[in-house]
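Presented below is the structure to which this report refers.
The values are calculated or read from the model by the stated rules, or taken from the named source; none is laboratory data. Note that the coordinates shown come from a computational prediction; the quantities given were computed from them, not determined experimentally. Cβ sites come from the backbone with ideal geometry, for glycine too, and all protein chains shown count toward neighbours. Heads up: the accessible areas ignore ligands, DNA and RNA and are worked out on the full protein's heavy atoms, side chains in. Shrake-Rupley method; radii C 1.70, N 1.55, O 1.52, S 1.80 Å.
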Amino acid sequence: METEQTVGIGIIGMGWMGMTHARAYRQVGALFHDSGVHPKLVVCADDVVQRATEAKARFGFERATTEWRQVIEETSVEVVNIAAPNHKHLEIVEAATAAGKHVFCEKPVGRNPAETKAIYAAAHRTGVVTCVGYNYRWAPVVQYARQLIADGKLGKLTHYRGRFFASYASHPRAVLSWRFQKEIAGLGTLGDLLSHAIDMAHFIAGDISRVVSQQETFIPQRPVAPEGEGTHFTLGAEGPTAPVTNEDYVGALVQFENGARGTLEACRIITGPKCEMAFEVHGTDGALRWNFEQMNELEVYLPTEGGFSDGYTRILSGPSHPFHNYFNPGPAVGLGYDDLKTIEAYQFLQAVHTGKQGQPGFREAAAVADVQAAIQTSWEEDRWSSI
Ligand SMILES: NC(=O)c1ccc[n+]([C@@H]2O[C@H](COP(=O)([O-])OP(=O)(O)OC[C@H]3O[C@@H](n4cnc5c(N)ncnc54)[C@H](O)[C@@H]3O)[C@@H](O)[C@H]2O)c1
């Protein structure tokens, strides 16, 4: 039997994601209880003092601080979990990896492709275990879709359409949070949303070889956000506005190394879809489609003899699909977003426990960064760009 291990966790940034990660580590202990690895919430950091102290009280951290460096200095912290805004990621990863800590970093990892590559290099030098928040991979039916493709059930892939259409900024009074500011966020939708869609394309359909893209900022001014308050879902009052300095929309035609053709698109101001992180993939022998808004459903098309019952079949997430059984023993008793974060935390802790780097780590983030760099080159130079 594997030895038991308690892993000390420090989380930096206790906003939306920091709290989600804290819940996920707590759930790992309850749901994957016999895995041999037990996360312990040691310290949480946020530069807004009440966010740090509230998180300590809510999730049971031993300590709270406003100084992220104290998380890294704490000897009982083995995992540094980064959920601060993007401009802090490089500095924190460099300090954490230099101290020999394993690192979870939220996407898009760096503010831009160069920073993501620098983050990958810093971790690679020290050999620590890494993980990135490409959580949509972990939906049980997405794992099953990947398996069907790997088993050749779709034949040779011909088409892939990936997208992330979110409405979080569709209201013109959605405040100018850090996400809309190039200085803090770096890339706009290409970093925030398309990073998920590119990673999913890599996971489902393989490497991308060439892209041609376009981008747009549809809402160029937004209300100034109150200091230390609100998120990117907050609506501002009438009052002073400031410029949005990164893109709302990005779209690209893509070619895959295996010959498949397709599109990748993301937008944060679109109306209609709320959180449509979705893909459709077609091969010579069949097709699949999935949309996070119906995250427990996978539509599978595998032609039948004679074509009499041809059509997409709706498969519901159930205990025969990866991970589902840890949450519910019943078919169609569905999982939610937080459960994806719990699976992600579990997979990361297993990698820390065994010392074997898993996927997606910083290597996969660097691969996403290469595609982002090509997309950016394409819109800047108005031409196809190779990866
Ligand atoms: N994987 C996903 O689905 C997903 C979803 C949302 C956000 N994210 C990523 O997670 C990260 C955080 O996003 P969020 O939505 O949680 O943002 P947020 O604004 O809700 O939270 C960020 C928190 O970091 C704190 N902070 C800022 N500077 C700090 C510093 N120097 N030290 C410590 N704390 C600091 C802020 O006070 C805030 O509480 C981003 O990189 C974002 O891209 C990923």
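What the table shows:
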| quantity | calculated |
| --- | --- |
| Theoretical FRET efficiency, 1/(1+(r/R0)^6), r = Cβ-Cβ of residue 54 and residue 150, R0 56 Å, to 0.05 | 0.80 |
| Highest-MSF residue in the chain out of 25, 134, 144 [GNM, Cα springs under 10 Å] | 144 |
| The chain - accessible surface per residue (Å², probe 1.4 Å) | 42 Å² |
| Protein accessible area in segment 5-135, 1.4 Å probe - carbon and sulfur % | 49 percent |
| Calculated FRET efficiency for the pair residue 320/residue 3, C-beta based, R₀ 41 Å, to 0.05 | 0.85 |
| Cβ-based net charge around residue 291, under 10 Å, with every Lys or Arg adding one and every Asp or Glu removing one | -3 |
| Under 5 Å, built H, 5+ apart or other chain: amide partners of residue 62 | 42, 43 |
| Spatial extent of the chain: Rg and Dmax, with the Cα atoms as the point set, Å | 20.8, 66 |
| Pairwise label distance in nanometres, residue 271 with residue 66, each label 7 Å out on the Cα-Cβ vector | 4.2 nm |
| Choice from 304, 354, 130 showing the highest fluctuation, given a GNM over the chain with Cα pairs closer than 10 Å | 304 |
| Heavy atoms of residue 349: accessible area, 1.4 Å probe, square angstrom to 10 | 0 Å² |
| Spin-label model distance (nm) - residue 380 vs residue 47, 7 Å beyond Cα toward Cβ | 2.7 nm |
| Along the chain, longest interval not containing exposed trypsin sites (Lys or Arg not before Pro), exposed being DSSP loop plus at most 16 other Cβ atoms within 10 Å | 1-152 |
| Above-threshold pairs, the threshold being 27 Å between Cα atoms, out of 117/182; 107/153; 153/341; 40/356 | 107/153; 153/341 |
| Electrostatic dipole magnitude of segment 276-387 [Cβ: Lys, Arg +1; Asp, Glu -1; Cα centre; debye, to 20] | 480 debye |
| The chain, dipole about Cα centre (Lys/Arg Cβ +1, Asp/Glu Cβ -1), debye to the nearest 20 | 120 debye |
| From phi via Karplus (6.51, -1.76, 1.60), per-residue ³J(HN,Hα) for segment 13-29 in Hz, x at Gly/Pro | x, 10, x, 3, 6, x, 5, 4, 5, 4, 4, 5, 4, 5, 5, 4, x |
| Cα shape, segment 213-308, gyration tensor, a/c 1.5 rule | prolate |
| Principal semi-axes in Å for segment 5-135 [√(5λ), Cα gyration tensor, largest first] | 22, 17, 14 |
| Alpha-carbon radius of gyration plus Dmax, which is the widest Cα pair, for segment 79-168 in Å | 16.6, 47 |
| 216, 247, ranked by accessible area, largest first (probe 1.4 Å) | 216, 247 |
| Magnitude of the charge dipole, segment 67-206, Cβ model with Lys/Arg +1 and Asp/Glu -1, debye to 20 | 700 debye |
| Exposure ranking of 97, 217 by accessible area [1.4 Å probe, largest first] | 217, 97 |
| Solvent-accessible area of residue 382 with every protein chain in place, 1.4 Å probe, in Å² to the nearest 10 | 140 Å² |
| Residue 313 versus residue 173: modelled label distance in nm, points set 7 Å from Cα along the beta carbon direction | 5.0 nm |
| Proximal charge balance of residue 85 [Cβ under 14 Å; K/R count +1, D/E count -1] | -2 |
| Whole-Hz couplings from phi, Karplus 6.51/-1.76/1.60, listed for segment 153-159; x for Gly and Pro | 5, 8, x, 7, 5, 10, 9 |
| Vicinal HN-Hα couplings computed from phi for segment 279-288 (Karplus, 6.51 cos²θ - 1.76 cosθ + 1.60; Hz; Gly/Pro x) | 8, 10, 10, 10, x, 5, 10, x, 8, 9 |
| Theoretical gain in end-to-end length, residue 363 to residue 245 [0.36 nm per residue, Cα-Cα removed] | 39.7 nm |
| Anisotropy class of segment 140-254 from Cα gyration tensor, a/c 1.5 cut | prolate |
